[in-house]
Amino acid sequence: MISNSNIIEKAKELGLEKIAFLHTTELTNDFKVIISASLSYNYNWNNESESAFGYIARYTTANFYKLLRIKLKALGDFIYQQTEMTMKKNELYHISINSNLNDKQIALQSGLGNILNNSLISVNHKGCKFVLGNLLINEDVDMCDSVIHQVNECGSCHLCIDSCPTGALKENRLFDKSICLQHLSSQIGDEFDSKLDYIIPHWNERFFGCTRCVDVCPLNNKNQQIECIAHELPGYIGTVFTADDCLKTIKKGEFKKKFTGNQLGANWIPEVALIRNYILMNFKNNKSICMEMYNSIDKSDLDTAEKKYLKKIILLLKNYDDISIK
C-alpha cells in the first residue's frame, strides 16, 4: 500500500495545484484508485482582452492538457517506483483526460474542488483557471475515507451569470450549453447555424472560445500568476490568431497546421469550423475578407460539403448586415 502523503508531496513538486483520491468501485473495475488532478493555466502572458482581434480562449492558448498529461505520467512513474514493480507500468496506471470519464464529476466526488455558478470547478478556493485530469492506478493507497462536503464558494455573487454574453448561465447552476459561445466555437451544422441570433451580436472579433464567466470570477485573484516563457509550453499558439497568409487561397489542412500540437488541431474540432470562425471574426469590421473568401471557396480543395457549408454561412451573415457577394 502506498502512502498518499508521498504522492501529494510529489504532485506539488511537479507543479500540480492539488490532487484528491477516489475509490473507483462505482466508476471502473479496472483500477483501484482515481487521482483527480488540477493544473493552473493562469500565466502572466495569458491575459489578452476578449475584445482583441483574433481572441483565443485562455484555456487553449497552449496545450495545458498535454502539460497536465506530462505531469501525470511523471506522477505515475513515481508511484510505480514506490511499488514492488511486479506489473508493467501500463498495468499499474492509466492517464484519463477529456475521455469517457467525467473529469468534473470525479473532481467533485474526490473533494478536489467545489462547483461554481459558472458550472466550473474551483480548486483550493482559488477560482477556476485550471484544467482537470485523472490518473487511474491499480494499487491501494493509504488514504483517509472522509465525507466530502461541497462548499458554496459563490455566496451571493452572480458576476458570471450576469456577464455571460448569450445568457447560457442560469440561476441554480443551470447551464444551457446550446447557446454557449465556448461550445459553439467548435460546432458545425444546424447546432451552430440555428443559433446565429445569439452568436452574431456577441461574437465580435474573437477566433475561438469564450472565458468571460471565468475572467470575472473574483476567486481567481487568489490564484497567483505563473511566470514562464510562453513559447516553451507544449502546443503554444498565442493569445490571438490571424491568418493573413492563407486567406486568398483556402487549402485543406492549412488552418489545422496552424495549431499542430494544440487542442484546436485535434480531430474532434472540424477544420471547417475554424475557417468559419475566421470569417466571423472579420464580419464586423472587415467584410471585404468575407467576400474574398466567398469568391475563393469554389477554387479551394475543400470537400464539396465543406464548401457548401462555408458559402451558406456567409450568405446567412447577409441577413445581419450587407456583404457584397459577386
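Rounded to the nearest Å, what's the spacing between the alpha carbon centres of region 36-83 and region 109-130? Just the number, please.
Here the two parts' Cα centres lie 16 Å apart.
What does a probe at ASN124 reach in region 1-17, counting residues whose amide N is under 16 Å from the point 7 Å along Cα→Cβ?
Counting only backbone N, you get 7-17.
Using only the alpha-carbon atoms, how far is helix 271-283 inclined from the longest principal axis of the chain? Give it as 0 to 90 degrees, nearest 10.
For 271-283 against the chain, the angle is about 60 degrees.
First check a/c for region 160-258, with a ≥ b ≥ c the square roots of the eigenvalues of its C-alpha gyration tensor; if it is under 1.5, answer rounded, and if not, answer prolate when a/b is larger than b/c or oblate otherwise.
Taking the square roots of the gyration eigenvalues as a ≥ b ≥ c, region 160-258 is oblate.
For region 92-178, evaluate the Debye formula with one uniform point scatterer on each Cα (no solvent term) and list log10 I(q)/I(0) at q = 0.10, 0.11, 0.18, 0.19 Å⁻¹, rounded to two decimals.
-0.32, -0.39, -0.90, -0.97
At 7 Å along Cα-to-Cβ for each site, give me the label-to-label distance between LYS308 and ASN267 in nm.
Each label point is offset 7 Å from its Cα along the Cβ direction, giving 2.4 nm.
With a 10 Å Cβ neighbour count serving as the proxy for reagent exposure, in which order, fewest first, do VAL216, VAL272, VAL151 appear?
On the way: VAL216 16, VAL272 21, VAL151 10.
Lowest to highest Cβ neighbour count: VAL151, VAL216, VAL272.
Tell me what the chain gives for mean residue ellipticity at 222 nm when only DSSP H runs of n ≥ 4 count, each as -39,500 (n - 2.57), the sum divided by the residue total, rounded to 500 deg cm²/dmol. Provide the component values of the computation, followed by the final result.
Values: 13 runs with 108 residues, N = 326.
The helix-only estimate for the chain comes to -9000 deg cm²/dmol at 222 nm.
With the chain treated as a Gaussian network of Cα nodes joined by springs under 10 Å, which of ASN262, ASN102, ASN46 yields the largest mean-square fluctuation?
ASN102
Sorting GLU84, GLU271, GLU153 on the 10 Å Cβ count, fewest up front, what's the list? Please list the in-between numbers first.
Working: GLU84 6, GLU271 21, GLU153 18.
The fewest-first ordering by Cβ neighbours comes to GLU84, GLU153, GLU271.
Could you give the alpha-carbon Rg of region 185-326 over 2.2 N^0.38 Å, rounded to two decimals?
Values: Rg = 16.6 Å, N = 142, 2.2 N^0.38 = 14.5 Å.
The reported ratio for this selection is 1.15.
Rank these for me by crowding, ILE7, ILE279, going from fewest to most other beta carbons within 10 Å. Write out the running numbers ahead of the final one.
Values: ILE7 23, ILE279 19.
Going from least to most buried by this count: ILE279, ILE7.
So how much slack lies between LYS251 and ASN152, counting 0.36 nm per residue of separation and subtracting their Cα-Cα distance, in nm? Write out the running numbers ahead of the final one.
Numbers: separation 99, 0.36 × 99 = 35.64 nm, distance 4.94 nm.
Taking 0.36 nm per residue and subtracting the Cα distance, the gain is 30.7 nm.
Between (1) 35, 21, 19; (2) 33, 25, 23; (3) 40, 22, 17, which entry matches semi-axes √(5λ) of the Cα gyration tensor in Å as derived from the coordinates of this structure?
So the calculated entry is the one marked (3).
Within region 183-244, which GluC sites (Glu not before Pro) sit in a loop by DSSP and count at most 11 neighbouring Cβ atoms inside 10 Å? Could the numbers behind the result be given before it?
Details: sites: GLU191, GLU205, GLU227, GLU232; in loops: GLU205, GLU227.
Filter output for region 183-244: GLU227.
For region 42-151, what size does the Cα cloud have along each of its three principal axes, sorted from largest down, in whole Å?
Each principal axis gives a Cα extent; for region 42-151 these are 55, 31, 26 Å.
Can you give me the Cα centroid spacing of region 202-267 and region 284-317 in angstrom?
One Cα centre to the other: 22 Å.
Taken together, the values in this text are just the output of simple stated rules run on the coordinates, not laboratory data. Here the structure is a predicted model, which is why all the values come from computation and not from measurement. FYI the Cβ positions are ideal-geometry reconstructions off the backbone, even for glycines, and counts take in every protein chain you see.
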